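Shown next, in structure tokens, is the structure this report addresses.
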Amino acid sequence: MDKTTDEYRSRRYPIHEDMRAQRVEWVLQRGGNWLLYAIVIVALLGGFSDGWLSETTKTNAQGSLTVEYQRFLRSESDEPFTLRIKGEPNQPATVRLSGDFMDKFVIQTLRPQPLITHASTHALLLTFPATPSGEHAVWLMTQPQTAGLLTSQITLDGTAPVTLKQWVYP
């Protein structure tokens, strides 16, 4: 009898071995290894926070407001947003933050400071001073306070809103 063939046979002596069950275990082990490799690759690409899969940019229909943000966040960790505003020259620009942005995020940093800030029940209005070009860049550092799917809207002076959908990991 061939030695390699005998290796894969079930036996009872010196210990009981069920080779069919052992082969199933080996297949499951290989599958588990591939699953772990896939999780590591997704994590490295940004599937759980900062990275290529997570970083994105959205612009409203008029092209006057662009938001740079992360699709995947971690609860209670600092997460950046960048707003690029192309408003009317020599006119103040007002940005409205609403939806889950006001209810489920804490704003840690806001640069530059707005001229006027007005908070309502589920919205925050930020008015920035007029500039000759009408362009502004606003940096926000936030902390999501809850896990799950969050939907926020950011609107510039009554134009179409930019709707952000973000998944927050616990």
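The values are calculated or read from the model by the stated rules, or taken from the named source; none is laboratory data. The structure displayed is predicted, hence computed values, not measured ones. Cβ sites come from the backbone with ideal geometry, for glycine too, and all protein chains shown count toward neighbours. Heavy atoms of the whole protein, side chains included, go into the accessibility calculation; ligands, DNA and RNA do not. Shrake-Rupley method; radii C 1.70, N 1.55, O 1.52, S 1.80 Å.
List of remarks:
- Each residue, Glu7 and Trp167, gets one label point 7 Å from its Cα in the Cβ direction; the gap between the two is 4.2 nm.
- Assigned charges on the beta-carbon of Lys, Arg, Asp, Glu; the chain dipole about Cα centre (debye): 360
- Our estimate of slack between Leu110 and Val27, defined as 0.36 nm per intervening residue step minus the Cα-Cα distance, is 24.6 nm.
- For region 53-110, the relative contact order comes to 24 percent (Cα pairs under 8 Å, sequence separation of at least 6).
- The mean sequence distance of close C-alpha pairs (under 8 Å, at least 6 residues apart), as a share of the length of region 1-66, puts its relative contact order at 11 percent.
- Amide H contacts under 5 Å for Glu135, placed H, 5+ residues apart: Gly87
- Close Lys-Lys pairs in the chain, where close means Cα under 23 Å and separation is 8 or more or interchain: 5
- The relative contact order of the chain, computed from alpha carbon pairs under 8 Å that lie at least 6 residues apart in sequence, is 22 percent.
- Separation of region 114-170 from region 59-81 is 9 Å, based on Cα centroids.
- Accessible surface, the chain, averaged per residue in Å² (probe 1.4 Å): 63
- Of the labelled figures (1) 1.06; (2) 1.71; (3) 2.21, only one reflects Cα Rg over 2.2 N^0.38 Å as derived from the coordinates, namely (2).
- Under 5 Å between amide hydrogens, built in the peptide plane, is the criterion, and for Gly99 it picks out Gln153 among residues at least 5 positions away or on other chains.
- Length added when fully stretched, Asp103-Met141, from 0.36 nm per residue minus Cα-Cα: 12.1 nm
- Derived scalar couplings between HN and Hα for region 54-65 equal 8, 6, 8, 9, 10, 10, 6, 4, 7, x, 8, 9 Hz in order, rounded to whole Hz, by the Karplus curve 6.51 cos²θ - 1.76 cosθ + 1.60 (θ = phi - 60°), x for Gly and Pro.
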